[in-house]
Each structure stands twice: as structure tokens, then as C-alpha cells.
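Enquirer: This is the structure I want to talk about, given as C-alpha cells.
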Amino acid sequence: MTDLQVALITGAARGIGRAIALELARPGLVIYLNDVVLGDDANLTQSQVEAKGAQAHLIEFNVADGAAVQAGIDRIVKESGRLDILVNNAGITRDNLIVRMKEAEWDAVLEVNLKGAFNCIRAATKPMLKQRWGRIINIASVVGVMGNPGQANYVASKAGLIGLTKTIARELASRHITVNAVAPGFIQTEMTESLPQNVKEAMLAQIPLSRFGTPEEVAHAVAFLASDAAAYLTGQVIHVNGGMLMV
Ligand code: NAI
């Protein structure tokens, strides 16, 4: 590993992705901030990351589009010569009870949350194998382990992401590429703001630490997994959930 490192964070315009970018940001790190549409949110993330001394580049692609992901990662390697850290954070919800869930809702969530991670991992693995070093961190969810009514598509995608994490971890370990997941519990972001009040209250009642988490608390776990201190962890799921699920 050289002193200069290059990171790609998907869905980094806001929320947990932005907090991860800010937590990783340091001089000597080049961070590519991806989102499906780049706008004011992404610009704000970029300026905040640069203020912490990292180089930040915006890179627009839809993680569900395999060709666009490959082109984006080719651009990163062409411009920066390497790719050390991949954080698969982009994710969406399309909640509905199973009897009402439309095929389009199922497909959209699986395409972004699970296939999106596959697309990014497949493309990022090539430069990482060449370097014989890499860190892949997938943002899963507590519900991927617990299940959650109304979220069959989302839960299936996050449970799938955990299985993907374990398999890729076994495939890549001999090349010093570690692959881990962080499974946040209920975190205060725009994704969760839209939930009905009664759902939020029911969630809160299940959390021993009696509060929702912050994006920064998820970002701390990601930064640890990306660091040399986590060199002996692979195929693991780190739960950041206030005690909501204890495994
Ligand atoms: P958010 O909705 O605030 O941010 C997600 C970002 O991903 C947005 O900027 C969005 O534009 C981007 N994105 C969506 N589809 C994309 C695509 N196809 N390609 C590229 N970018 C795309 O969500 P939040 O809360 O920050 O969530 C981030 C991750 O954390 C997601 O994977 C989510 O499932 C996971 N998570 C969130 C929890 C929470 O309580 N907020 C709990 C557990 C997991």
C-alpha cells in the first residue's frame, strides 16, 4: 500500500454516504463521491471533504447500470492510478406489504441495493487484485438480519448483500482485500425521516440505547474497517444499532 489512497463511495451526496466521506477525509486521500444525480447536495459534500484536506471528485453514475459503473471505475483508475477503498452505500427503499408489492418495486430495490453492489465490486476488484490490497465495505442493515414487515424487497437486498460480503471475502482474502459489512440500525437521515410517526415510535421502543443513531456513528465503523487496524477482519458484519439486535 502506498501513502496515497483512492476511495469510491457510492450514494455520497447526502446522509450516511456524506458522513462516511467526511470521516475518511484526510490529506493523502483522493475520494470519488458518486451519486445517481449530482446537484447541490453533492457539491456540499465535495466542499466539506476538501475542507478536511482530501481531494474530492464527483462522479455520476447509477450503480444499477453495470456499463456505467465500469466506465466510472475505469475513469478513476485512469485519473488516479488505483482504487483502494470501495464503500457500497447507495440504497433505496420502496416499501409495501408483500401482497401489494409491485414487481417494479421489488426490481428497483434489488437492482440498486444488491446488483449495484455487485457491479461496483466486480469493477473495483480488478485494480485491487493488481495492487494486492483493498478494502470493500458494504452498507447493509439490521433488518437484513432481523426481517421487517413491509420491506420484503429491501430486507432481501440487504440479506443478499451480507451473503455477497461473506463470499467475496473468501474469494479475495489471499490478495489482502478485505470485505466487510456495516449493518446500521435506525439512523436519522432523509431515508428514515419519511417514515410514519407510529413506525418511528415502535422502532424506538426496541432500541436499548433509547435513541436513533447518527450517520457519523455509522461512519466511524466504516472508517475503522477501511483502516490498517482492521487488517485481520474479513467477512464480518459490524452492527451499529444501539443494541436493537444483539448477535
Ligand atoms: P439517503 O436516501 O439519505 O441517501 C442515499 C443516497 O444514495 C442518495 O444520495 C441517493 O441519491 C443515492 N442513490 C440512490 N440510488 C442510487 C443509485 N442507483 N446510484 C447511485 N446513488 C444512488 O439514505 P441513507 O439513510 O443515507 O442510507 C445510506 C445507506 O445506508 C443505504 O444503503 C441504506 O439502505 C443504508 N441504511 C440506512 C439506514 C437508516 O436508518 N437511514 C439504516 C440501515 C441501512
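The values are calculated or read from the model by the stated rules, or taken from the named source; none is laboratory data. All values reported here derive from a predicted model rather than from experimental measurement. Virtual Cβ from ideal backbone geometry, glycine too; neighbours counted across all protein chains shown. Please note that ligands, DNA and RNA were not included when accessible areas were found on the heavy atoms of the full protein model with its side chains. Shrake-Rupley method; radii C 1.70, N 1.55, O 1.52, S 1.80 Å.
Enquirer: Which loop chymotrypsin sites (Phe, Trp or Tyr not before Pro) in the stretch 158-240, with loop taken from DSSP, have no more than 14 other Cβ atoms within 10 angstrom of their Cβ?
Expert: Those satisfying the criteria are TYR232.
Enquirer: State log₁₀ I(q)/I(0) for the stretch 133-247 at q = 0.11, 0.13, 0.17 Å⁻¹ as given by the Debye formula over alpha-carbon point scatterers of equal weight, solvent excluded.
Expert: Each listed q maps to, in turn, -0.37, -0.51, -0.83.
Enquirer: At LYS130 and ALA231, where each label point lies 7 Å from the Cα along Cα→Cβ, what is the point-to-point distance in nanometres?
Expert: Roughly 2.4 nm, to one decimal.
Enquirer: Grab the Cα-Cα distance for LEU4 and THR214, subtract it from 0.36 nm times how many residues apart they are, and report the gain in nm with one decimal.
Expert: Taking 0.36 nm per residue and subtracting the Cα distance, the gain is 72.7 nm.
Enquirer: May I ask you to list the lysines whose Cα is less than 21 Å away from that of LYS52, ignoring any residue fewer than eight positions away on the same chain?
Expert: none
Enquirer: P(r) for the chain, please, calculated from all Cα pair distances in 5 Å bins and given in %.
Expert: Reading upward from the zero bin: 1, 7, 14, 19, 21, 17, 11, 6, 3, 1, 0.
Enquirer: How long, wide and thick is the stretch 105-197, going by the Cα atoms along their three principal axes, in whole angstroms, largest first?
Expert: Principal-axis extents of the Cα atoms in the stretch 105-197, largest first: 48, 24, 22 Å.
Enquirer: Continuing with the same structure: So what does the Cα-only Debye profile of the stretch 1-141 read at q = 0.17, 0.19, 0.22 Å⁻¹, as log10 I(q)/I(0), no solvent term?
Expert: For the stretch 1-141 at q = 0.17, 0.19, 0.22 Å⁻¹, log10 I(q)/I(0) is -0.87, -1.06, -1.37.
Enquirer: Turning to a different aspect of this structure: At a 1.4 Å probe, what is the % contribution of carbon and sulfur to the accessible area of the chain?
Expert: Carbon with sulfur: 54 percent of the solvent-accessible area.
Enquirer: Then there's this: Under 23 Å Cα-Cα from LYS166, which lysines qualify once same-chain neighbours fewer than 8 residues away are excluded?
Expert: Qualifying lysines at Cα under 23 Å: LYS115, LYS126, LYS130, LYS158.
Enquirer: Express as a percent, rounded to the nearest 5, the fraction of DSSP beta bridges in the stretch 93-247 (both residues included) that run antiparallel.
Expert: Bridges in the stretch 93-247 are about 0 percent antiparallel.
Enquirer: Keeping every protein chain present and rolling a 1.4 Å probe, give me the accessible area per residue for the chain in Å².
Expert: Dividing the accessible area of the chain by its residue count gives 46 Å².
Enquirer: Further, regarding this structure: Pulled fully out, how much extra length does the chain show between VAL77 and HIS176, if you take 0.36 nm times their separation in residues and subtract their Cα-Cα distance?
Expert: 33.8 nm is the gain from fully extending VAL77 to HIS176.
Enquirer: As I understand it, the dipole of the chain uses +1 on the Cβ of Lys and Arg and -1 on the Cβ of Asp and Glu, about the Cα centre. Which of ASN180, PRO196, GLY242 lies farthest toward its positive end?
Expert: Of the options given, the answer is ASN180.
Enquirer: Also, quick follow-up: If I fit a long axis through the Cα atoms of helix 116-131 and take the longest principal axis of the Cα atoms of the chain, what angle between them do I get, 0 to 90°, rounded to 10?
Expert: Tilt of helix 116-131: around 30 degrees.
Enquirer: Roughly how many Å is it from the Cα centre of the stretch 75-104 to that of the stretch 16-34, as a whole number?
Expert: The stretch 75-104 and the stretch 16-34 have Cα centres separated by 17 Å.
Enquirer: Now a separate question. Please report the orientation-averaged projected area of the stretch 1-48, defined via the convex hull of its C-alpha atoms, in nm².
Expert: For the stretch 1-48, averaging the hull's shadow over all directions gives 3.2 nm².
Enquirer: For LEU97 and MET246, what does the FRET efficiency come to when R0 = 30 Å and r is the distance between their Cβ atoms, rounded to the nearest 0.05?
Expert: That pair, LEU97 with MET246, gives E of 0.60.
Enquirer: Over the stretch 153-247, what is the relative contact order in whole percent, taking alpha-carbon pairs under 8 Å and six or more residues apart?
Expert: Computed over the stretch 153-247, the figure is 41 percent.
Enquirer: To the nearest 20 Debye, how big is the dipole of the stretch 127-247 about its Cα centre, given +1 on the beta carbon of each Lys and Arg and -1 on that of each Asp and Glu?
Expert: Dipole of the stretch 127-247, to the nearest 20 debye: 520 debye.
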